[in-house]
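Please read the structure below before turning to the comments.
Every number here is computed from the coordinates shown, using simple stated rules; none is lab data. Here the structure is a predicted model, which is why all the values come from computation and not from measurement. Glycine gets a Cβ as well: all are built from the backbone with ideal geometry, and neighbour counts include every protein chain shown.
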Amino acid sequence: MFGYMGKILRINLTTGEIGTEDLDFELAKKFIGGRGLGTKLYMDEVDPKVDPFAAENKIVFINGPLSGTATPTGGRYMVVTKSPLTGCIASSNSGGEWGAYLKYAGYDAIIVEGKASLPVYISIDEEKVEILPALDLWGKMVSETSDALSEKQPGAKVLTIGPAGEKLSQMAAI
C-alpha cells in the first residue's frame, strides 16, 4: 500500500523465535520514511536507559516507501538503534541493493532483538528466514565475510560487521 509491503519481520536472537507482524499503516503515514518510522518503532520498544550492548537493546533495519522503486535514491534503507559511541539514538542511512532486496522479500522492516550465545547470521530468502551459525565467519574481514556468504548463498545481498564489531568497538559499523 503506497510503497509499503505491510510486513515487519521480528527476529529474537536469544530465543530463536522468528515471526512477522503487520505494519501499522497509520504510523507509517504519520512517521513517513525509514528514519521517521524506524525511530518511532525503536522508541516505542526500547527503554532510553538501555545499554547499547545489552540484549534488551534492539536494532531496526527499515525501508521507506520509495525503497526498491525506480525513484532516484530508491536503494536507501535505515538502521536505527542506540549508539554505543554516543549513548543516543542512531539513525544511519545506507544505500546499495540491500534495502531494495529487503522490500522484494516482502518486508518493510526487520526488528532484531535479544542476543545470541554464539556468532550467527540471519538468512532471508523470501519467506524462508533462518538464524544460522556463523562461527566459520568470525574474525574475517568484511570482504571475506561477504564473499563467504555469497558462496553459501549465490546472489545474496550482505550486511555484515567486521572484527571491530565482533570486539564491540564503539565505532564499529555495519
(request) Calculate the spin-label point distance for Y104 paired with L13, positioning each point 7 Å from the Cα along the beta-carbon direction, and give it in nanometres. (result) 2.6
(request) Multiply the residue gap between T71 and S94 by 0.36 nm, knock off their C-alpha separation, and tell me the result in nm, one decimal place. (result) 6.7 nm
(message) So if a site counts as exposed when it's one of the GluC sites (Glu not before Pro), its DSSP state isn't H, G, I, E or B, and it has at most 16 other Cβ atoms within 10 Å, what's the longest stretch of the chain without one?
(response) 128-174
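Would you mind counting up the charge near A105? Only other residues with Cβ under 9 Å from its Cβ, with Lys and Arg at +1 and Asp and Glu at -1.
Its environment carries a net charge of -2.
For Cα pairs less than 8 Å apart in space and 6+ apart in sequence, what is the mean separation divided by the residue count of the chain, i.e. the relative contact order in percent?
Details: 323 pairs, mean separation 37.0, N = 174.
The value is 21 percent.
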(request) Subtract the Cα-Cα distance of S169 and T86 from 0.36 nm times their separation in residues, and report this length gain in nm to one decimal. (result) 28.6 nm
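To the nearest 0.05, how large is the calculated FRET efficiency for F2 and S150 if R₀ is 35 Å and r is the Cβ-Cβ distance?
Numbers: r = 33 Å, r/R0 = 0.95.
With a Förster radius of 35 Å, E is 0.60.
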(request) Among the listed pairs K30/K115; K82/K115; K58/K115, give every one whose C-alpha distance is greater than 21 Å. (result) K30/K115
(message) If I stretch the segment between F53 and D22 completely, what's the gain in nm (0.36 nm per residue apart, minus their alpha carbon distance), one decimal?
(response) 8.4 nm
(request) Among (i) 12.5; (ii) 11.6; (iii) 9.6, find the value of mean projected area of the Cα convex hull in nm² that was calculated from the structure presented, and write down its label. (result) (iii)
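As a quick test, which of the pairs K40/K140; K29/K49; K29/K152; K49/K157 have an alpha carbon distance above 31 angstrom in this structure?
K40/K140; K29/K152; K49/K157
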(request) Can you list which of the trypsin sites (Lys or Arg not before Pro) found in segment 133-174 are DSSP loop residues with at most 10 other C-beta atoms within 10 Å? (result) K167
